[in-house]
Amino acid sequence: MSQQVTIKSVTANTPVDVYYCNSFSASCVYVATVSTFPYVFDVPPPYDETNIVIKIIDVNGCIDGDIVYITPTPTPSFTPTPTLTPTQTASQTPTSSQTPTQTPTQTATQTCTPTFTPSPSLTPAIAKHAIGQNRYNTSGSTCNDTITLVNYYTFISEANSVPVVGVTVYETAVGIILYNVYNGQNKWIKMGFGSDYYAVLINTAGKISNFVICS
């Protein structure tokens with residue numbers, strides 16, 4: 001069955017794009033563009049079987065999100081063990097003396113053992129990329145730049161070990177939420193993706209428009 005989610009209100013520049021994401025793979029599904037709240041929608045299987053990440057992107061590219069924790073249904077296991085042992089013994093002697101003996105024994109044992117499945121842990125949803133210290137007009141000059149200790153960020157579901165054209169680059173990460181879209185000013189910057197470095201061209205909207213691997 002699906003999981004119903006209600007967004008009561010948002011602090012953002014509306015309208016906003018609403019997504020729901022799988023907490024393990026960070027795979028996101030677009031729901032709708034919404035201007036009026038509260039807004040209610042359903043998250044279908046298999047996304048409703050684990051914790052759900054709700055992602056909201058406003059018209060300025062700012063991203064916010066929250067986690068909907070899915071509580072597993074406990075599965076009780078009952079083991080009833082009733083045992084009824086009646087014992088009746090009658091003894092009669094020739095002198096008309098009768099001594100009946102009746103010893104009923106009843107033993108009932110019931111054990112209830114509920115079993116709970118713990119909630120899965122949340123895997124990282126963002127990727128960090130080391131950057132160079134300068135901005136260049138050509139890709140060839142960019143690859144000679146020196147890498148700094150500063151990192152820029154992308155969502156793992158969008159770009160992780162290699163650059164992807166059209167993906168947004170952010171300057172700030174707080175938990176699993178990214179802020180401050182990077183204004184690349186249509187210049188090249190050296191960035192680390194996986195074990196390689198790339199010259200990456202980023203436009204004024206913070207999106208990757210081209211890239212070249214540095215040999």
Practice task
Could you please give the count of residues in the stretch 44-61 that are within 13 Å of the chain's Cα centre (by Cα) and among the aliphatic types (A, V, I, L, M)?
Solution key: 3
Handout entry: Among (1) within 20 Å of the chain's Cα centre (by Cα); (2) over 16 Å from TYR69 (Cβ atoms) - the single one THR33 does not satisfy
Key = (1)
Problem - Spans of strands (runs of 3 or more DSSP E) in the stretch 97-215 with at least 2 residues touching a strand residue (DSSP E or B) at 6+ places or on another chain (Cβ under 9 Å) and modelled with pLDDT under 90 - result: 98-115
Handout entry: Residues of the stretch 159-201 satisfying the condition of being among the hydrophobic types (A, V, I, L, M, F, W, C) and over 18 Å from THR146 (Cα atoms)
Key = ALA159, VAL162, VAL164, VAL165, VAL167, VAL169, ALA173, VAL174, ILE176, ILE177, LEU178, VAL181
Handout entry: From ASP48, ASP64, residue being surrounded by 15 or more Cβ atoms within 10 Å (Cβ to Cβ), modelled with pLDDT under 85 and in a strand (DSSP E or B)
Key = ASP64
Exercise for the section: Show the residue pairs that are 6+ apart or on different chains and have beta-carbon atoms under 7 Å apart, the first residue being within the stretch 176-203 and under 30 Å from VAL68 (Cα atoms) and without any contact (Cβ under 8 Å) to a residue 12 or more places away in the chain, the second being surrounded by fewer than 17 Cβ atoms within 10 Å (Cβ to Cβ) and among the β-branched types (Val, Ile, Thr). Expected result: ASN180/THR172
Fill in the blank from the handout: Restricting attention to the stretch 67-92, the residues that are hydrophobic (A, V, I, L, M, F, W, C) and either at pLDDT 80 or above or closer than 13 Å to ASN22 by Cα (or both) number exactly 3
Fill in the blank from the handout: Scanning the stretch 186-213 residue by residue, those small (Gly, Ala, Ser) and in contact with a helix residue (DSSP H, G or I) (Cβ under 7 Å, 6 or more places away or on another chain) turn out to be ALA199
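The values are calculated or read from the model by the stated rules, or taken from the named source; none is laboratory data. Being a predicted model, the structure only gives us computed values, none of them experimental. FYI the Cβ positions are ideal-geometry reconstructions off the backbone, even for glycines, and counts take in every protein chain you see.
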